[in-house]
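Before I ask anything, here is the structure I am working with.
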Number of protein chains: 4
Amino acid sequence: MPTRSQGLAAAHTRYPEPVITGRKSFGSDNHAGAHPEVVEAVAAANAGDAGPYGADDWTSRATSELCAAFGAAGAFFVFNGTAANVLGISLLLRPFDSVICAESSHLNVDECGATERNLGNKVVPLATPDGKLTPELIRSRLTGRGDEHRSQPRVVEIAQVTEVGTCYSLSDLRLLAQFCRAEGLYLYMDGARLANAAANLGCELADLAAHADVLSFGGTKNGAVAAEAVIVMRDDLLADVPFLRKQQMQLGSKMRFMAAQFSALLEDKLWLRAAQHANSMASRLAAGVQDAPGVAIRYPVQSNAVFASLSPSRIAALQRDWTFYVWDEKESVVRWMTAFDTTEDDVDQFVMAIRASASP
Amino acid sequence: MPTRSQGLAAAHTRYPEPVITGRKSFGSDNHAGAHPEVVEAVAAANAGDAGPYGADDWTSRATSELCAAFGAAGAFFVFNGTAANVLGISLLLRPFDSVICAESSHLNVDECGATERNLGNKVVPLATPDGKLTPELIRSRLTGRGDEHRSQPRVVEIAQVTEVGTCYSLSDLRLLAQFCRAEGLYLYMDGARLANAAANLGCELADLAAHADVLSFGGTKNGAVAAEAVIVMRDDLLADVPFLRKQQMQLGSKMRFMAAQFSALLEDKLWLRAAQHANSMASRLAAGVQDAPGVAIRYPVQSNAVFASLSPSRIAALQRDWTFYVWDEKESVVRWMTAFDTTEDDVDQFVMAIRASASP
Amino acid sequence: MPTRSQGLAAAHTRYPEPVITGRKSFGSDNHAGAHPEVVEAVAAANAGDAGPYGADDWTSRATSELCAAFGAAGAFFVFNGTAANVLGISLLLRPFDSVICAESSHLNVDECGATERNLGNKVVPLATPDGKLTPELIRSRLTGRGDEHRSQPRVVEIAQVTEVGTCYSLSDLRLLAQFCRAEGLYLYMDGARLANAAANLGCELADLAAHADVLSFGGTKNGAVAAEAVIVMRDDLLADVPFLRKQQMQLGSKMRFMAAQFSALLEDKLWLRAAQHANSMASRLAAGVQDAPGVAIRYPVQSNAVFASLSPSRIAALQRDWTFYVWDEKESVVRWMTAFDTTEDDVDQFVMAIRASASP
Amino acid sequence: MPTRSQGLAAAHTRYPEPVITGRKSFGSDNHAGAHPEVVEAVAAANAGDAGPYGADDWTSRATSELCAAFGAAGAFFVFNGTAANVLGISLLLRPFDSVICAESSHLNVDECGATERNLGNKVVPLATPDGKLTPELIRSRLTGRGDEHRSQPRVVEIAQVTEVGTCYSLSDLRLLAQFCRAEGLYLYMDGARLANAAANLGCELADLAAHADVLSFGGTKNGAVAAEAVIVMRDDLLADVPFLRKQQMQLGSKMRFMAAQFSALLEDKLWLRAAQHANSMASRLAAGVQDAPGVAIRYPVQSNAVFASLSPSRIAALQRDWTFYVWDEKESVVRWMTAFDTTEDDVDQFVMAIRASASP
């Protein structure tokens, strides 16, 4: 079947990833390569010797730039998004604390239990209509505080944007942050697609970060080769980070090559331009199919993803030529995702194919 | 003092790394950049969409190449050497097992307790004269087997080459492997500098790997940007690796960029040429100073490192112009390390400086 | 307020436990002391020297008796119910596996995250109407099997009886066990109150155990001083238990005193007589209040607990003289629990008080 | 062979424990039963209902008594010595910290890696001549502080008395405590046999505790059924203990039965009388054999253990009638241990047997 990968070394992927067809993939923003400016920056950083483990000029510069952009106390590079989440929340937890998150969150669903394994803390999932937590939802899990028999709620984990492509508004964030402060909770923000949120809201990174204690800033899904950053907003959390990052197997020895990727993304706000483009391609796609018979958009399109339901037979027909994931087999929901390098023509062809798939 | 880094963002490195002077660093092979062919391969892999998490052609190819070179059952990319060690030994341990290793090993000393933290297993360090374990040394820690009060010895961890630059001979490895098999122990080989060992011994990678259950193969210290591989020699150990790698935060989404680095290193045995060169530069350095008054070579030079003792005042004088680490302050031992890009001229100038430092 | 404990050393209990009033407590079966026959058995075991850590005759005898009663491969004593659950499921999990359980389960709610902390495995809670899992509920969480991004469902954890006092019927258990086998899942049964379930169902312990891979058998809530047993039904799971128990801090040095408690409970089926009595006291209580105006029984009374809703003001009034817990403050639900030493007179007085509390 | 246990259920003890012969065991103080006064106290605590999890009068009283005896901020009961050590040091460690201890310590050797498994921290063992750490020994492991690559030394763990029966003098403790304070280290004292140390030194428990941040106080080896206490000397460490104890599976529900044991031990200083007696029996034994040909006492006899070397054939001959452990097979060293219930006659008969074993 064309939805299944073929000929891959069994050892690498257990779960069939979609085969990339000749057409632009709408499978994920990580199907895309890296932005050419990022690759050039990596090559340019290959200039003789440099201090290891971040003791180099590229790291100093990118760190300073990130701290400035976020109004942050510190910024630390790690290799992937799961690691960013684990390191980030590890700064906030005692052994007997729990993390409250959306049931659909990446942390809960897509990290193979990394939080529980690496930190030993309990994850408390909450069902949500749109991937977004609210004070009311969180409050329902705040019983048993002070009771030694209960894991103690401590960190509220939200993703901006969420797994279903929705964004917290600045007002949503303000209310959540106020609630957390009032309740003695910490707020961690999974920002694997934070750029897409900032592009959607038309705000600065610092406007988003101001509400969090710690957050991540994703590079990989927005044009980097492989680079994520943990952004620490409070001075009092900085001292342990280097040790925790090393122990969590995230300290890069030739760190300049990670830092250079971020400097490229920050140069003339490439991160924003890339995210704005990806978002606008998703909007174009949504606009193109919203009145298509038999296609129903499932969530507000507030980033670079369109979730839609259509019939299983149309999904199967479309997947013969186009790459994308079935998000919920039972509900027949698919995810179509755009990237920094998705073109208007890619979208328009895909829209045509989707609409055509309706014909008898 | 010139041996201390200055002006670095405090958040990045807690421990002062040496400042890189204008001259070629003899501090570490990770002070070097990446080999140009590796950087070109990364750029070349930036060619449109690809399946994520290893479901791409670059990963398939590099995996096959590695399996062929090692005679291995599987090969899995991870981000750094600490992660390779943790993932590798995690395949071999029950919760109550311990890892026997040299007291001076990277696993014991330089990984911030990553084995204990991430796996929860006990590490049992053994003092060695030259960084190398022997059956006799290991046997001294095999008491209490079957006793529920005792952590059970299960994995013998050796590094090839060791932290002090020495190599196990093929005969050493054969004896160790026989001993482990006879004693129901598994052998894990930290191959962060395995290329240097193969270059020194004039053997194939498969000759080294044949004695291990699992090993790592380091790319980063030998010219990669950031790429290590866990090499699994036994089919029965493969099934869990993808899950463990993901959970251990080592699954790269755009894995083609990791794979491409290894394919570049394997192309015409670049890995061997790079290691041979680095080794020969260390030999040239050792030859140049071995009869220098007041300089004593401390360990056999069997890779790309020279350990030598000389007076503290000469060390201080040399460090004003040259970058290298004091290995053992009490014993006044330094480590001089060469890389794939160290030139004969670099070595000759350094040798002159070392010899000159003796003058009153 | 009389519902709050007063004057306790702050260090001991963070959460106020109810003050025991002069009247028999309906708070919990662990408010009761130990059965006199158990205390006598402890005293009788104090007879000179004995081998430590279970190498004694009391342990041999009680172990054999438990294995016979359960048709088990092995039986292992631990100190409390949380430990029994952790040790029991630890026999069944790989690092990347998850435990499916009822959201209301003791394991999920009342063990301060011990599973996540001590084992590092993910706990997947499922909302249930009555504390009982069904194949349909479990099936809803079996997506993503084989996908390295997902924690892999492996153990189904049920409690017999559940936290809300309900029992799985033998047919329920048979269906669950069949489902688990068909789906490659293991079944673990938290038997902190297994005696009450056997008493309710009128079956043998072996009839319950036959459906599980591993289970626990609680002594403490049924008249022991402090003794729980992990019952292992499969030979292939036995070898690691002694090491895991020791490592999990559950190996008693003077184990005869734990074993003697179980032998006392097994003598003439004291465990059954005690549980039958407690159950019948709960039934008497339920019968006494079921037609009381303003009192609604919330769950089928199938063990030694009665859950009922009544108005907050009546709860407050009752708690001035009687000890019991508010189970759900929002829903105004209380738990009334009986023990081996609750008398008919205790129940009748309490029933009268409950009915009287309705008067204006 | 008579040194091996026979006929025990395989599941219980993996390692053969010595068979208890008809004669008084010199194998371990945990071969003894419980002191009659302790058993009586347990029976006396079986008086109707009581608050669970420590919310009872017995716990309040015993906690107050312990705090008074130690000058402590808090006292917390746990089930065994391994648990006391794990809970105690868990109050003092960040994730990347290490515990420095004697290589021969119970924590390092006899707890099946419980520290690494349950806390994830590195254990750094130091070879010692007599089981005792010194500032000089500890100082040798204080390199790499502040270096993110290194596990950070944080807790110094000592046992009072040590595994080889030796005691730190009050002056030893003062120097160690001063050293730790000056170096930013915490001092944890494993007091499984603290009573024997106090008896040997003729000092108060508070005199020993004053030098530690946290310590344990063992009841089990000194006449309890099963009861150990974690003694916390600093107010700032108290808040997390209840949660950590619960999570570490050490919260007893009918805690009164643990507390009553300690109150019995504290009544008229039974703990001291029992320890003084055991110590004096060891001294009598040592005095009886010290001039015996072929018997060499190995360590100063400062508690209730005598370590001696004698020929393997004499050991074998003695073990036909007497129960004791071979401590070091290679060096032919045995451990003879006395208990609260060892009599002068037991010792005298054993001395005669030892001396007689020399005869041809």
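The values are calculated or read from the model by the stated rules, or taken from the named source; none is laboratory data. Just so you know, these numbers come straight off a predicted model, no measurement behind them. All Cβ positions, even for glycine, are placed from backbone atoms using ideal geometry, and neighbour counts span all protein chains on display.
More than 25 Å from A:GLY33 (Cα to Cα), among the β-branched types (Val, Ile, Thr) and in contact with a Phe, Trp or Tyr (Cβ under 7 Å, 6 or more places away or on another chain), is that true of B:ILE89?
yes
Quick one: is A:ASP236 more than 11 Å from chain B (Cβ to nearest Cβ), buried (at least 23 other Cβ atoms within 10 Å of the Cβ) and among the charged types (D, E, K, R)?
So A:ASP236 fails the test.
Let me ask you something else. Assess whether C:ASP49 counts as being more than 26 Å from the chain's Cα centre (by Cα), at pLDDT 95 or above and among the charged types (D, E, K, R).
yes
Taking the stretch A:129-162 only, how many residues are in contact with a helix residue (DSSP H, G or I) (Cβ under 6 Å, 6 or more places away or on another chain), within 26 Å of A:ALA339 (Cα to Cα) and either of a type in the set (Ser, Thr, Tyr) or assigned to a loop (DSSP other than H, G, I, E, B) (or both)?
2
If you don't mind, there's one more thing I want to ask. Quick check, is A:ALA192 of a type in the set (A, V, I, L, M), within 13 Å of the chain's Cα centre (by Cα) and farther than 16 Å from A:ALA69 by Cβ?
yes
Here is a further query. If I ask for residues that are within 7 Å of another protein chain (Cβ to nearest Cβ) and either farther than 15 Å from A:GLY219 by Cα or over 22 Å from the mean Cα position of the chain (by Cα) (or both), which ones from the stretch A:252-268 would you list?
Narrowing the stretch A:252-268 to residues within 7 Å of another protein chain (Cβ to nearest Cβ): A:252-254, A:257.
Scanning the stretch A:252-268 gives A:GLY252, A:SER253, A:LYS254.
Among the residues of the stretch A:95-120, how many are among the charged types (D, E, K, R), facing chain C (nearest Cβ under 9 Å) and under 20 Å from the mean Cα position of the chain (by Cα)?
3
Can you tell me which residue among D:VAL123, D:VAL230 is within 14 Å of chain B (Cβ to nearest Cβ), under 20 Å from the mean Cα position of the chain (by Cα) and assigned to a strand (DSSP E or B)?
None of the other options fit; the residue is D:VAL123.
Can I ask one more? Which one of the conditions (1) out of contact with any Phe, Trp or Tyr (no Cβ under 8 Å at 6 or more places or on another chain); (2) closer than 23 Å to C:PHE243 by Cβ; (3) among the aliphatic types (A, V, I, L, M) does C:ALA102 fail to meet, given that it meets all the rest?
Single failed check for C:ALA102: (2).
Which members of the stretch A:53-81 meet the condition of being under 18 Å from B:ALA226 (Cα atoms) and within 19 Å of the chain's Cα centre (by Cα)?
Within the stretch A:53-81, A:PHE76, A:PHE77, A:VAL78, A:PHE79, A:ASN80, A:GLY81 meet the criteria.
(1) within 14 Å of chain C (Cβ to nearest Cβ); (2) part of a strand (DSSP E or B); (3) among the aromatic types (Phe, Trp, Tyr): which one isn't true of B:PHE243, the others all being true?
With respect to (1) within 14 Å of chain C (Cβ to nearest Cβ); (2) part of a strand (DSSP E or B); (3) among the aromatic types (Phe, Trp, Tyr), B:PHE243 is out only on (2).
Among the residues of the stretch B:161-174, are any of a type in the set (Gly, Ala, Ser), more than 18 Å from B:LEU272 (Cβ to Cβ), surrounded by fewer than 15 Cβ atoms within 10 Å (Cβ to Cβ) and within 14 Å of another protein chain (Cβ to nearest Cβ)?
No, the stretch B:161-174 contains no residue that is of a type in the set (Gly, Ala, Ser), more than 18 Å from B:LEU272 (Cβ to Cβ), surrounded by fewer than 15 Cβ atoms within 10 Å (Cβ to Cβ) and within 14 Å of another protein chain (Cβ to nearest Cβ).
Could I ask something else about it? Could you check the stretch C:1-31 and list, in sequence order, the residues that are modelled with pLDDT under 95, out of contact with any helix residue (DSSP H, G or I) (no Cβ under 9 Å at 6 or more places or on another chain), within 26 Å of C:ALA282 (Cβ to Cβ) and away from chain A (no Cβ under 13 Å)?
Matches in the stretch C:1-31: C:VAL19, C:ILE20, C:GLY22.
Looking only at the stretch B:280-297, decide whether some residue is farther than 29 Å from B:GLU204 by Cα and of a type in the set (S, T, N, Q).
Yes, that holds for at least one residue.
Let me ask another. Looking at D:SER140, is it more than 7 Å from every other protein chain (Cβ to nearest Cβ) and within 19 Å of the chain's Cα centre (by Cα)?
Considered against the rule, which asks whether it is more than 7 Å from every other protein chain (Cβ to nearest Cβ) and within 19 Å of the chain's Cα centre (by Cα), D:SER140 comes out as no.
Across the stretch B:94-144, what is the total count of residues that are surrounded by fewer than 18 Cβ atoms within 10 Å (Cβ to Cβ), of a type in the set (Ser, Thr, Tyr) and either at positive phi or out of contact with any Leu (no Cβ under 9 Å at 6 or more places or on another chain) (or both)?
Total meeting the criteria: 1.
Whether any residue in the stretch A:171-193 is assigned to a helix (DSSP H, G or I), in contact with a helix residue (DSSP H, G or I) (Cβ under 7 Å, 6 or more places away or on another chain) and in contact (Cβ under 8 Å) with a residue 60 or more places away in the chain is what I want to check.
no
Restricting to the stretch A:58-103, count the residues that are within 30 Å of D:LEU238 (Cα to Cα) and among the aliphatic types (A, V, I, L, M).
8
Just to be sure before I move on: is C:GLY223 within 11 Å of another protein chain (Cβ to nearest Cβ), in contact with a His (Cβ under 6 Å, 6 or more places away or on another chain) and touching a residue at least 60 places away in the same chain (Cβ under 8 Å) in the structure I sent?
Taking the combined requirement at face value, the residue satisfies it.
Residues that are surrounded by fewer than 21 Cβ atoms within 10 Å (Cβ to Cβ) and at pLDDT below 95: which strands (runs of 3 or more DSSP E) entirely in the stretch D:249-360 hold 1 or more of them?
Passing ranges, in order: D:325-328.
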